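The values are calculated or read from the model by the stated rules, or taken from the named source; none is laboratory data. Since we're looking at a predicted model, the values are computed, not measured. Every residue, glycine as well, gets a Cβ built from its backbone with ideal geometry; the counts of neighbours run over all protein chains shown. All accessible areas refer to the heavy atoms of the entire protein, side chains included, with ligands and DNA or RNA removed. Shrake-Rupley method; radii C 1.70, N 1.55, O 1.52, S 1.80 Å.
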Number of protein chains: 2
Amino acid sequence: MQISDAESIVMDALWGRSPLSAEEIVALTADAQGWQEATVKTLLNRLLTKKAIAAERDGRRYLYRPLVPRSDYVDAESTSLLDRLFGGRVAPLVAHFSEQRKLTKKDIAELKRLIAEIDDGE
Amino acid sequence: MQISDAESIVMDALWGRSPLSAEEIVALTADAQGWQEATVKTLLNRLLTKKAIAAERDGRRYLYRPLVPRSDYVDAESTSLLDRLFGGRVAPLVAHFSEQRKLTKKDIAELKRLIAEIDDGE
DNA sequence: GCATTTCGTTTACATCCGTAATCGATGATC
DNA sequence: GATCATCGATTACGGATGTAAACGAAATGC
């Protein structure tokens, strides 16, 4: 099962720190998203049934923690995008951003450093 | 309005060549996707109401063409992913794939060439 | 001209998703 | 102990999506 966009906001909170109570998750997300508490509760429940998070009892309430690592999620999303749009490879995506003039000098510098590093390590 | 995943398959056909008749689009997509003709018809209709494509009469049938350029779609999708997962920047995505050992030597070579090229042009 | 095929249009329907409100149980208060 | 607050679970509901069948008009074959 798939983590939806809204659910991923909740996951973000838990990837940032865990375990968290529902209340804490609400505090971290609701305002920024314009959500009611009830919305967060729903999302927590859906994530539970999807086995994307787990809940452990802590007295009267539950504490939630991610079961899916952020890197798995990031990887699935990124790979899916690359496969759908760029033949599964990274370079064409970089090329696209370059063509769209969406690369700042900083981006380019960072990429250069990164490539050098990778190339070095390999 | 948003082009959905299934709709983007139809768009792909049209981005590849256009204008195309519904029949041609069915030929290009249905088998690969395991779709019935009816499904393609529905998707064409939804794309029409979304103004993502246009239809021009050609005798008894219509010929369809994209109104949304592929680069616009690619850009929207990519930017959304980068914003959601990588702070809106390309380098962290490349870093992620590197960490996941998902970069082949060819990818790295290609990236290096690309960066050099960009760096040169700027 | 009538039956048949062919298109596009309309309708269908289950699921997912975003967004919440309500309900029921459990714990806290007076 | 009765009442109030809290928390998770259940129910709600409209819109988007995937997937398609049914319908109706127009063209084609005899």
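For the range A:107-122, list whatever residues lose no less than 10 Å² of accessible surface once every protein chain is in place, relative to that chain by itself, with the probe at 1.4 Å. With the partner chains in place, the range A:107-122 has these residues losing at least 10 Å²: A:Asp107, A:Ile108, A:Glu110, A:Leu111, A:Lys112, A:Leu114, A:Ile115, A:Ile118, A:Asp119, A:Glu122. Of the residues A:Pro92, A:Gln36, A:Ile118, the one whose Cα sits farthest toward the positive end of the charge dipole of the range A:11-122, with +1 on the Cβ of Lys and Arg and -1 on the Cβ of Asp and Glu, is A:Gln36.
In order along the range A:71-85, the Karplus-derived 3J(HN,Hα) couplings, from 6.51 cos²θ - 1.76 cosθ + 1.60 at θ = phi - 60°, round to 5, 5, 5, 4, 5, 4, 5, 5, 4, 4, 5, 4, 4, 5, 10 Hz, and Gly and Pro are given as x.
Helix A:105-121 and the longest principal axis of the Cα set of chain A meet at an angle near 90°. Each Lys or Arg adds one and each Asp or Glu subtracts one; over the other residues with Cβ under 9 Å from the Cβ of A:Val90, this totals 0. Placing dummy labels 7 Å off each Cα toward the beta-carbon, the span from A:Ala76 to B:Glu99 is 1.8 nm. Taking 7 Å steps out from each Cα toward its Cβ at B:Glu24 and A:Ala109 produces label points 4.9 nm apart. Considering the zone a paramagnetic label at B:Asp83 would reach in this model (a point 7 Å from Cα along the Cα-to-Cβ line), which residues of the range A:31-65 have amide N under 17 Å from it? Output list for this probe position: A:32-34.
Considering only the other residues whose Cβ falls under 15 Å of the Cβ of A:Ile25, what net charge follows from Lys and Arg at +1 and Asp and Glu at -1? It works out to a net charge of -3. Annotation for the range A:32-118: trypsin sites (Lys or Arg not before Pro) lying in DSSP loop with at most 15 further Cβ atoms inside 10 Å of their Cβ are A:Lys50, A:Lys51, A:Arg60, A:Arg101.
Counting protein heavy atoms only and a 1.4 angstrom probe, how many square angstrom of accessible surface do chains A and B bury in total, to the nearest 100? Between A and B, the summed buried area is about 3800 Å². Quick one: pull the percentage of alpha-carbon pairs in chain B with a separation above 24 Å. Here the long-distance tail beyond 24 Å is 46 percent of all Cα pairs in chain B.
Rounded to the nearest 20 debye, the dipole magnitude of chain B is 260 debye, with +1 charges on Lys and Arg beta carbons, -1 on Asp and Glu beta carbons, and the Cα centre as origin. The residues packed around A:Thr79, meaning those with a beta-carbon under 15 Å from its beta-carbon, carry a net charge of -2 if Lys and Arg are +1 and Asp and Glu are -1.
State the percentage of accessible surface on the protein assembly as shown attributable to carbon and sulfur atoms; use a 1.4 Å probe and exclude ligands, DNA and RNA.
47 percent
What residues qualify as long-range amide H neighbours of B:Tyr62, i.e. H under 5 Å apart, gap of 5 or more or another chain, H built at 1.01 Å from N? HN-HN under 5 Å from B:Tyr62: B:Ala22. Candidate cross-link partners of A:Lys102 among the aspartates and glutamates, defined by an alpha-carbon separation under 12 Å and a same-chain spacing of 8 or more, comprise B:Asp75. Rolling a 1.4 angstrom probe over the protein heavy atoms with all chains in place gives the range A:59-107 an accessible area of 55 Å² per residue.
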